[in-house]
Amino acid sequence: MSSAANTAPLWQPDADRIAAAAVTRFQSWAAERYGAPADGGYPALHRWSVDELGTFWKAVADWFDVRFSTPYETVLADRSMPGAQWFPGATLNYAEHALRTAEDPSRADDPALLHVDETHEPTPVSWSELRRQVGSLAAELRALGVRPGDRVSGYLPNIPQATVALLATAAVGGVWTSCAPDFGARSVLDRFQQVEPVVLFAVDGYRYGGKEHDRTATVAELRRELSTLRAVIHIPLLGTEAPEGATDWAALTSSDTEPVFEQVPFEHPLWVLYSSGTTGLPKAIVQSQGGILLEHFKQIGLHCDLGPEDRFFWYTSTGWMMWNFLVSGLLTGTTVVLYDGSPGHPGTDAQWRIAERTGATLFGTSAAYVMACAKAEVHPAREHDLSRIKCVATTGSPLPPDGFRWLHDEVASDLWIASVSGGTDVCSCFAGAVPTLPVHIGELQAACLGTDLQAWDPRGEPLINEVGELVVTNPMPSMPIHFWNDPDGSRYHDSYFDTYPGVWRHGDWITITDHDSVIIHGRSDSTLNRQGVRMGSADIYEVVERLPEIRESLVIGLEEPDGGYWMPLFVHLAEGATFDDALRTRIKQAIRTELSPRHVPDEIIEVPGVPHTLTGKRIEVPVKRLLQGTALAKAVNPGSVDNLDLLRFYETLARTRR
Ligand SMILES: CC(=O)CC(=O)O
């Protein structure tokens, strides 16, 4: 499970690779101009980036040639959290930077986007075409009366139109927000009703798993319930006519209008993202144009090491922050690969096929997909030409050690494997990819630049090689500027700052190792705490799900009224597997030998499935509440769950135990 002894790397970048990495060039450049350490590689650069936070971010802005149309007075006027003030006085525009490559005549015809649907046939959208469409749509949005600060919403799959709509909204200074079209009306309304959009972009349906899914009834319901809408833009993915009162996409994107980029203050809102909101309404998290611009330049350009030669693929929907992150690939002139379809259609290897067809150089996916491929005995490199992939990056949950081994064996032995972790709350990563550092099995390479990531004990003392709360002790520019409808900031404050005043507590258990890598153990709000020993659920999932009979699992720790502790493990079996004493014994044996006797659950219970949030994360806290006897309607917001029926199973179980 841990790590400190795990010193032999699985992968080590060679000297040429280190020399060629943008972060190496950035370090030498920042050493000459800004006093960054010339020696000591990434660890020294990281230390400097958090010790000299303002200078570091100034250097990032200069390195990526950020266009401030009015200059800033200072980089960080106030570093308190919450409430940090970044680049006061500055004005800029995010979309202008995302489309800058189109201004270069030598790149104008290159693909900015490669769109792939379930046919897996890539369709390019060139930089000049993307810029033209954004220019046309931004002008039409203005003509519709959209003004800086107005919210513009999208009920869209990951198609080029979604990227165009986001960029056009940002060009106008509007505030973008999106949901994927597999979200039901209630889930969408829980989100969009909070922010009161004036425009809705919506598809008539989408294709997924080889089938057409008609969404016209849901869109009609959204139109009825969103009373602030002034315009609805119809995107006929399934070929239907625009319904009464809606405008067709083509009518708004056909002109040859130069984009006009509203110059907005650095802290002007760019978009609203939503936390999974398994209990109350989802938190509506607002991030700024300037904050995202700088944070994503850093992530995409320095950590992911992406540039104009690269093709950036990440499997995501528009309802997950990884989509926003993916679109930011445009900032570094990188071609962004948009896949709209099922991750496993027509077969489990679908994402690798897309990587081959599009020549992806960074292949991003969920850790769960990697584990599913391993279970299904997919052999990506045997079946596909993946020679262009330089990095496989994963997120969503920690990549288990077996996932690292599998990628190394089945994709390439000289593969940079970046398990990354952050969240919607910062639309970025706290720890993750570093092209110049080794990769150790089961570990994230290092904390990201400008992020003073630490593991703290309950008294706020930093821990090394021990599990602690994930904290960030300095502000990051992409931290929320506020939550929507939280006028006194109390919801924002209580979400991150109520444990350690002035310090961001994210709600994950982590270990910072003695070689500065990071291990994520799972959410701290669903911690297992047996006889005072805290355990991360992720460690248990990793061991249990290695067994071929187990499709997925869920572990919950329950404090009982009599002072006891009940720790059941729920298992969803793979097709054809039988739940019997032999399997129970093998599960317990695996946990005992690979973790510890203390990790062995009190009971193992077969379940019809594991419930997830709409972005695919296992739902632990609401299940715990159900098992404690909370009524379903109070334990969970139904609009936030992928399968409500599964939760009823746990509700019934709670009743039968009492
Ligand atoms: C970067 C991330 O942390 C993404 C996620 O898991 O939600």
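What is the one condition in (1) part of a helix (DSSP H, G or I); (2) of a type in the set (A, V, I, L, M, F, W, C); (3) within 25 Å of ASP508 (Cα to Cα) that LEU554 does not satisfy? Exception for LEU554: condition (1).
Of all residues in segment 367-409, those being more than 30 Å from ILE619 (Cβ to Cβ) and of a type in the set (Asp, Glu) number 3.
The residue list ARG191, ARG132, ARG147, ARG186 contains one member that is of a type in the set (Lys, Arg) and within 19 Å of the chain's Cα centre (by Cα), which is ARG191. Against the conditions (1) touching a strand residue (DSSP E or B) at 6+ places or on another chain (Cβ under 9 Å); (2) over 30 Å from TRP271 (Cβ atoms), GLU410 satisfies every one except (1).
Looking across LYS624, LYS634, LYS617, one residue alone is within 16 Å of the ligand (Cβ to nearest atom) and not hydrophobic (A, V, I, L, M, F, W, C). It is LYS617. Considering the conditions (1) farther than 22 Å from THR511 by Cβ; (2) in contact (Cβ under 8 Å) with a residue 12 or more places away in the chain; (3) surrounded by fewer than 21 Cβ atoms within 10 Å (Cβ to Cβ); (4) not β-branched (Val, Ile, Thr), GLY563 is excluded by exactly one of them, (2).
Only residues that are of a type outside the set (A, V, I, L, M, F, W, C), away from the ligand (no atom under 16 Å from the Cβ) and surrounded by fewer than 20 Cβ atoms within 10 Å (Cβ to Cβ) were counted in segment 402-431, giving 6. Here the condition is being away from the ligand (no atom under 15 Å from the Cβ), of a type in the set (A, V, I, L, M), part of a helix (DSSP H, G or I) and within 30 Å of VAL286 (Cβ to Cβ); of LEU331, LEU338, it holds for LEU331 alone.
Restricting segment 443-470 to residues that are charged (D, E, K, R) and closer than 12 Å to ILE519 by Cβ, the residue that is surrounded by the most Cβ atoms within 10 Å (Cβ to Cβ) is GLU443. Highlighted here are the helices (runs of 4 or more DSSP H) found entirely within segment 574-636 that include at least 2 residues which are at pLDDT below 90 and under 30 Å from TYR315 (Cα atoms): 621-627.
Residue by residue, here is whether (1) touching a helix residue (DSSP H, G or I) at 6+ places or on another chain (Cβ under 9 Å); (2) closer than 17 Å to VAL199 by Cα; (3) buried (at least 24 other Cβ atoms within 10 Å of the Cβ) holds:
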| site | (1), (2), (3) |
| --- | --- |
| LEU237 | yes, no, no |
| GLU241 | no, no, no |
| ALA250 | no, yes, no |
| VAL260 | yes, no, no |
| GLN299 | yes, no, yes |
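Read through the list (1) within 16 Å of the ligand (Cβ to nearest atom); (2) over 23 Å from GLY422 (Cβ atoms), then give the number of the only condition that VAL392 fails. All conditions are met except number (2). Put simply, of LEU53, LEU113, LEU45 the only residue that is under 30 Å from PRO160 (Cα atoms) and among the aliphatic types (A, V, I, L, M) is LEU113. Can you go through ALA77, ALA36, ALA61 and tell me which one is without any contact (Cβ under 8 Å) to a residue 60 or more places away in the chain, touching a Leu at 6+ places or on another chain (Cβ under 8 Å), surrounded by 14 or more Cβ atoms within 10 Å (Cβ to Cβ) and within 27 Å of GLN289 (Cα to Cα)? Exactly one of ALA77, ALA36, ALA61 is without any contact (Cβ under 8 Å) to a residue 60 or more places away in the chain, touching a Leu at 6+ places or on another chain (Cβ under 8 Å), surrounded by 14 or more Cβ atoms within 10 Å (Cβ to Cβ) and within 27 Å of GLN289 (Cα to Cα), namely ALA36. I'd like to know if segment 146-156 contains one or more residues that are buried (at least 24 other Cβ atoms within 10 Å of the Cβ), closer than 30 Å to VAL503 by Cβ and not β-branched (Val, Ile, Thr). The answer is no; no qualifying residue exists.
The values are calculated or read from the model by the stated rules, or taken from the named source; none is laboratory data. The structure displayed is predicted, hence computed values, not measured ones. Positions of Cβ are backbone-derived with ideal geometry, glycine not excepted, and every protein chain shown enters the neighbour counts.
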